[in-house]
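One structure is given below, encoded as structure tokens.
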Amino acid sequence: MSDAESSVAWPSNALSEVPFRVYTDQAQYELEQERLFKGETWNYLCLTVEIPKAGDYVSTTVGETAVIVVRGEDGAINAFVNRCAHRGNLLCLKRNGNVKEFSCIYHGWIYNLTGQLTGVAFEHGVKRQGGMPSDFHKEDHTLRRLRVAELNGLVFGTFSSRTPDLETWLGPDVVRGAKRVLNRPLHLLGRGTQVLPNNWKLYFENVKDTYHASILHLFLTTFKINRLSQPGGIFIDANGGNHFSYAKMDYSEDASYKDEGLRSDSDLRLADTSVIDQVDEYGDSISVQILTIFPGMVLQQVRNTIAVRVIRPRGVDKTELEWIHLGFDTDDEAMTERRLRQGNLIGSAGYIALEDGCIGGFVQRALKYNDEGNGIVMMGGHEAESQTFRASEAAIRGFWKHYRALMDA
Amino acid sequence: MQDVTIRLGVQELIGHYADCIDDDRLEDWPGMFTDQCRYLITSRLNHEAGLRQGIIYAASKGMLQDRVMAARRANLFEPHRYRHIIGPIRIDQIDDGVAVVRSNFIAVRIMHDGASTLFATGRYLDKIDIAGTPYRFIERLVVLDSDKIDTLLVIPL
């Protein structure tokens, strides 16, 4: 943790005012690593289908902290820090693979699949000289473990022993929203990473921001993928940081957009409509559901695109956003092709997503040496409670509620 | 020994493609593909793992036209251009009016304020219709060496 004092000053206890310095302050960023990502939160680690067999592993990060996730001999999923207990070297250099054990390349220390130290090269010396002293015990040097939980094909980890179990922590509404989308065995369709030139929170807020979506993203509005006039709502958990918003298909004309004269309500037409041709695969006519898990995961259903987005901070003004595109084992070729075509809507080149890749960077640039004062998030009131309408910034206020509780701010 | 005429025609198509994008003549871009076509930008990791979802996918000339429409009129982003540098073009196979061709590229992104960065490197894996003139792409796979995209991708590669 940094010795530097954070210069972030909250103007009041109100959730609807956010000091701009929270996006630019280095000491604040370092506190977030400790109190949020390594604190009482559940962080996305990987998909269950990525590690089906004993010894299958992925190396990833929780916040900036390097972590290994591996399936043990007993079939359980283990997660521990990717740092040798000896000299702190990265134990695992590859993104994924299959191993019998983890062997550090530096001095040959060996760990089993639960993170226990099982071997130390030349532990008893060479020709009876050197070696570890008698007060060295391998069992004292187990890798720091994360608690692990699974939810319908997603694997989560937490550094804290105090985090409530995953479903309790998510709250019943968010659990219901996640299980609705992930209701069949998952199939990985592809992945890619978008490097965002902004603080991680600007992206996470953006995802929770139901107000901006149909204004910034012309595609959403013109092609009636998501308008605030469609029936829908926002569910926010008791902590505030987990949420989902949804909208139902509704193609009726609405005057509110016409009256506002928004550029996003255009007369553009598609030459090939297969990019938006949706089937109601869940049978509930919900065309968009955006779900967030604090502090760094998004689960989306936009028409027939299903994706996990992982937000990984990489410095106070840099974020990596990984897109993990999903289908289901039950998909036939027509369904897969439908998902691939609609895939143009999302990701780093997504018709309804690419603006979100640059908008946070624009904010970050505007805040450069100009970060005094506070932004306001008052649409829909001052509270962070579930609502039956979406012309609201309630979910953003929920983020700050959870953030301030964990940051002790 | 391949017909020199075919080699020159393929070179012309690939060079024309890069010029068309780099000179901001995106409206000419869909016409360089056959009506039934496949265009996919993906990463080497996805490609080698057989994962089908990439970054941009078009399965028809209409979907290419929609990309241009979106870049011109729908999507919001800071103005920028690319400069493509194409490496040697190799024809792997010519069969039944179709040339199977590969080439490497680097694309520099030049922002409106002059900032130039190496935006993408990768390989074009093409199937080119050489039965008629001009030659057209039946399929163009753009396999990026990296799976990271800086900020966003809106102009095709």
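The values are calculated or read from the model by the stated rules, or taken from the named source; none is laboratory data. If you're wondering where the values come from, they're calculated on a predicted model, not measured in any experiment. When we count neighbours, we look across all protein chains shown, and the Cβ atoms used for this are built from the backbone with ideal geometry, even at glycine. All accessible areas refer to the heavy atoms of the entire protein, side chains included, with ligands and DNA or RNA removed. Shrake-Rupley method; radii C 1.70, N 1.55, O 1.52, S 1.80 Å.
Every listed requirement among (1) without any contact (Cβ under 8 Å) to a residue 40 or more places away in the chain; (2) buried (at least 22 other Cβ atoms within 10 Å of the Cβ) is met by A:A271 save one, (2). When A:Y211 is tested against the conditions (1) away from chain B (no Cβ under 14 Å); (2) open to solvent by less than 20 Å² (accessible area, probe 1.4 Å), the lone failure is (2).
For every residue, the table says whether it meets (1) closer than 21 Å to B:L51 by Cα; (2) away from every other protein chain (no Cβ under 14 Å); (3) within 12 Å of the chain's Cα centre (by Cα).
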| position | (1), (2), (3) |
| --- | --- |
| B:G114 | no, yes, no |
| B:T117 | no, no, no |
| B:R123 | yes, yes, yes |
| B:I130 | no, yes, no |
| B:L141 | yes, no, yes |
| B:L144 | yes, no, yes |
| B:T151 | no, no, no |
| B:V154 | no, no, no |
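The set of residues from the range A:171-180 being in a helix (DSSP H, G or I) and either open to solvent by less than 20 Å² (accessible area, probe 1.4 Å) or within 14 Å of another protein chain (Cβ to nearest Cβ) (or both) comprises A:V174, A:V175, A:G177, A:A178. Given the condition farther than 25 Å from A:R390 by Cα, within 14 Å of chain B (Cβ to nearest Cβ) and within 27 Å of the chain's Cα centre (by Cα), answer yes or no: does some residue in the range A:298-313 qualify? Checking the range A:298-313: at least one residue is farther than 25 Å from A:R390 by Cα, within 14 Å of chain B (Cβ to nearest Cβ) and within 27 Å of the chain's Cα centre (by Cα). Would you be able to say whether some residue in the range A:63-71 is open to solvent by 20 Å² or more (accessible area, probe 1.4 Å), over 26 Å from the mean Cα position of the chain (by Cα) and not hydroxyl-bearing (S, T, Y)? For the range A:63-71, residues open to solvent by 20 Å² or more (accessible area, probe 1.4 Å), over 26 Å from the mean Cα position of the chain (by Cα) and not hydroxyl-bearing (S, T, Y): absent. The residue that is nearest to the chain's Cα centre (by Cα), among those in the range B:22-50 that are within 14 Å of chain A (Cβ to nearest Cβ) and β-branched (V, I, T), is B:I41. Taking the conditions (1) touching a residue at least 60 places away in the same chain (Cβ under 8 Å); (2) among the charged types (D, E, K, R); (3) on the phi > 0 side of the Ramachandran plot in turn, A:E150 satisfies each one other than (3). Scanning the range A:287-299 for residues that are assigned to a loop (DSSP other than H, G, I, E, B) and under 19 Å from A:V181 (Cβ atoms) returns A:F294, A:G296. Among the residues of the range B:1-50, those that are open to solvent by 60 Å² or more (accessible area, probe 1.4 Å) and under 25 Å from A:G192 (Cα atoms) comprise B:R38, B:R44, B:L45, B:H47, B:E48, B:A49. Checking A:R87 against (1) under 30 Å from A:W400 (Cβ atoms); (2) open to solvent by 30 Å² or more (accessible area, probe 1.4 Å); (3) modelled with pLDDT of 95 or more, only one condition comes out false. Which one? Unmet for A:R87, out of (1) under 30 Å from A:W400 (Cβ atoms); (2) open to solvent by 30 Å² or more (accessible area, probe 1.4 Å); (3) modelled with pLDDT of 95 or more: (1).
Filtering the range A:158-169 for residues that are touching a helix residue (DSSP H, G or I) at 6+ places or on another chain (Cβ under 6 Å) and within 14 Å of another protein chain (Cβ to nearest Cβ) leaves an empty set. When the residues of the range B:51-79 are narrowed to those that are facing chain A (nearest Cβ under 7 Å) and assigned to a helix (DSSP H, G or I), which ends up most open to solvent (accessible area, probe 1.4 Å)? Once the filter is applied, the top-ranked residue is B:R73.
Scanning the range A:353-409 for residues that are outside any loop (DSSP other than H, G, I, E, B), closer than 30 Å to B:A71 by Cβ and either open to solvent by 50 Å² or more (accessible area, probe 1.4 Å) or of a type in the set (V, I, T) (or both) yields A:I359, A:F362, A:V363, A:R365, A:A366, A:I396. Entry remark, the range A:233-254: residues being open to solvent by less than 30 Å² (accessible area, probe 1.4 Å) and under 23 Å from the mean Cα position of the chain (by Cα) number 11 in total. Is it the case that some residue within the range A:320-340 is in contact with a strand residue (DSSP E or B) (Cβ under 8 Å, 6 or more places away or on another chain), in a loop (DSSP other than H, G, I, E, B) and more than 26 Å from A:A14 (Cβ to Cβ)? Yes - at least one qualifying residue is present in the range A:320-340.
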